[in-house]
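The structure appears below as structure tokens.
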Amino acid sequence: MTFKLKRRRHNVEVVGHVHDVDKDAVFARLRLVGYDGRVWTENVSRTLLREKAKLGNFLDPKGVNFDDDDLTRLRADHTIVRSKTERVASLPGWRSSGTDYAWPGRTVRDHGKTLKFHVDPGGLLAQTQGSRGDLETWLADVCPAVAASNFGIFALGVVFAGPLLRFSKAPEGAFFAFTGDSGAGKTGICMAAQAIMGSPERHLNPSWDLSAAGAKDLLSEVRHFTFIIDDTSRDGLPDRQRLDFLGAVAHALGGGGRRRLAKAYEEKQAAAPVRDPALGLTSGEFSQDELAKLTGGAVRGGVAVRLIDIPVPPPDRGGVFDRAVEGKSRHKVVPAGREAAKRQERVVKRTYGVAFPVYRDHLTANVATLETAVQKIELKFVRKQKKRRLAASSSDLRIAEKCGLVLAGLELAIAAGVVPFSRAEVSHAVQVVFDAVMSGRDAAKSEVSRQIRQLRRLLQDDAQTPVLKAGETADRAVAFRKAVDSQKVAYMKPKNLGVALELDAPAVDQLLRELARTGNLRVGADGGFTRPVKLRGKPVRHLVFTPAMLKAKKKKVLIRRKIKPAEKKPNRRT
């Protein structure tokens, strides 16, 4: 709502008084005229109207002339319009009523009153908004180009699943990360996913800010939709800070509450807590396990189920475009993948921002049945993974629930008519991605299992881990054993573990975490991995391995019983 005061002949005028009900803040709406004659409106803090210096610092970078006598006039105009305050909504997502979904360009109702959606010019949504083309072109050109990739179909599903998280059984959100070599097509599918909501060329790709303040501003707007950032290697951060930052963002999107972004930012401003769990989509060359090995960091268990790595095939196998190369001979794989990537990049720049409004209207029209529909699809997907024995642990089941939510988003998108895929196609795509996630997790688990077996053999070796009696020392031994309460316990200096197993610091940390989790390592009173052990009257910190670590694993012997041949029964026929 704009109020006309008098004849407009100034470069800066107050034309409204705005109350943002979502952020509980009040702004003055200014009408600005730039040097080039461009005219626009912008909501600003009322404190700018109190000091000339602050207002001048705000207007100069925008190319707006400001006279010395304008401040008195602006204050008077602001007093007039304050009596007619306009209420607006600024945060996207489901309103408190639970039946209306706020999005730029849409009018919503809250407590019986109508609210127009206001887009902050410097916020996240302003960078991703825009539409071009129509739904028919989207269905005929863009979707078939994305359909060449199971990973691309999954990426679309992550966006469609964003508004469904509040209806899901999954207790937290997720940050899906496509990982793999450069040139595999990861950026292309992130652009296609962004094209559902807005411009694919402005999806925070080169410009997203990894500072604490920048993250606070971005994440504070993420609610009931999918947050997309791409190519984390472009941020310019060291790998260690990138690992910490991505883990912190994943924790925030997952609904972890207030948390500092990373150790490197402890002295800076903390990230704002996300109001509700949300979904995110990103890409990068390295998975979190690979980043941990490169930097000496560690992957926290809580982050591993929120930041879900999806390994994609290498470029020489077609990259993400796995469906484009099906049935092709090996020497035609790379051309087929490149051709699919070029086509997808070309079409998503021509048509974007037309699918989400239609999908949103379908959700609001069927909001009464969404919870039942979403949870039914999730439960069916999780049961399928249990039956296939792909998801057994609690963390695997949590990931399966989130992939089931993505499948629910795709099936509802089919019902809304915004994707031309079949249910069989989307089910196959989500299954392919889930299998890729599990294969990456199994590879890391198998490596840790191998290290545990190697350590168990070392601790059972009398030459490398001798059994000490009272008064004896083992200065040259890798480790030693002593009897405690009639059971043998093994002790090892922390520095010897990495040397004996030829492991770097991140691998040692990951191994110790697994040993502590499984009860094979006695954790110290301070929660650390070491405990003080008295040697020659002085306490020295050692790793203390439990008796279970020293017991040899019994091999299962399959006993074959001889089955006697059945005796022939006499023929009773006469």
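The values are calculated or read from the model by the stated rules, or taken from the named source; none is laboratory data. Note that this is a predicted model, so its numbers are computed, not measured. Neighbour counts run over all protein chains shown; Cβ positions are idealised from the backbone, glycine included. To get the accessible areas, we keep the full protein, side chains included, count just its heavy atoms, and leave off ligands, DNA and RNA. Shrake-Rupley method; radii C 1.70, N 1.55, O 1.52, S 1.80 Å.
Think of region 39-140 as having a plus end and a minus end, set by charges on the Cβ of Lys, Arg, Asp and Glu; of 63, 126, 94, 94 sits farthest toward the positive end of this dipole. Comparing Cα centroids, region 487-501 and region 115-178 end up 50 angstrom apart. Among the listed pairs 349/402; 493/551; 488/534; 482/538; 113/169, give every one whose C-alpha distance is greater than 25 Å. Too far apart for the 25 Å limit: 349/402; 113/169.
How much length would be gained if the chain were fully extended between residue 380 and residue 535, taking 0.36 nm per residue of separation minus their Cα-Cα distance, in nm to one decimal? So the extension gain works out to 50.0 nm. Summarising the amide proton neighbourhood of residue 16: residues at separation of 5 or more, or on other chains, whose placed amide H is nearer than 5 Å comprise 29.
Summarising the amide proton neighbourhood of residue 280: residues at separation of 5 or more, or on other chains, whose placed amide H is nearer than 5 Å comprise 174, 175, 176, 227. Whose amide H sits under 5 Å from the amide H of residue 480, counting only residues 5 or more places off or on another chain, with H placed in the peptide plane? For residue 480, whose amide H was placed from the backbone, the distant partners under 5 Å are 491.
Backbone phi angles across region 306-315, fed through the Karplus curve with coefficients 6.51, -1.76 and 1.60 (θ = phi - 60°), yield HN-Hα couplings of 9, 9, 9, 7, 10, x, 10, x, x, x Hz in residue order; Gly and Pro are listed as x.
Hull surface divided by four, with the convex hull built on the Cα atoms of region 345-418: how many nm²?
Averaged projected hull area, Cα only: 6.5 nm².
The residues of region 53-94 have, on average, 51 Å² of accessible surface per residue, using a 1.4 Å probe with all protein chains present. Ranking of 377, 153 by solvent-accessible surface, largest first: 377, 153 (1.4 Å probe, protein heavy atoms only, all chains present).
Here is the list for region 370-421: trypsin sites (Lys or Arg not before Pro) lying in DSSP coil, each with at most 16 other C-beta atoms within 10 angstrom of its C-beta, are 388, 389. Here region 74-152 is assigned +1 on the Cβ of each Lys and Arg and -1 on the Cβ of each Asp and Glu. Its dipole about the Cα centre then comes out at about 560 debye. Here the accessible area of region 64-161 is 47 percent carbon and sulfur, with a 1.4 angstrom probe and all protein chains present. The largest accessible area among 83, 395 belongs to the first residue in 83, 395, and the rest follow in falling order (1.4 Å probe, all chains).
Of the listed residues 521, 397, the order by accessible area with a 1.4 Å probe, largest first, is 397, 521.
Rounded, prolate or oblate: which one fits region 67-110, using the alpha carbon gyration tensor with axes a ≥ b ≥ c (rounded when a/c is under 1.5, else prolate when a/b beats b/c, else oblate)?
On the way: a/c = 5.25, a/b = 2.98, b/c = 1.76.
It is prolate, given that a/c is not under 1.5 and a/b is the larger ratio.
Our coupling estimate for region 462-469, obtained by passing each phi through the Karplus curve with A = 6.51, B = -1.76, C = 1.60 and θ = phi - 60°, is 5, 6, 8, 10, x, 8, 9, 9 Hz, Gly and Pro reported as x.
The overall shape of region 8-163, judged from the alpha-carbon gyration tensor, is prolate: a/c is not under 1.5, and a/b is greater than b/c.
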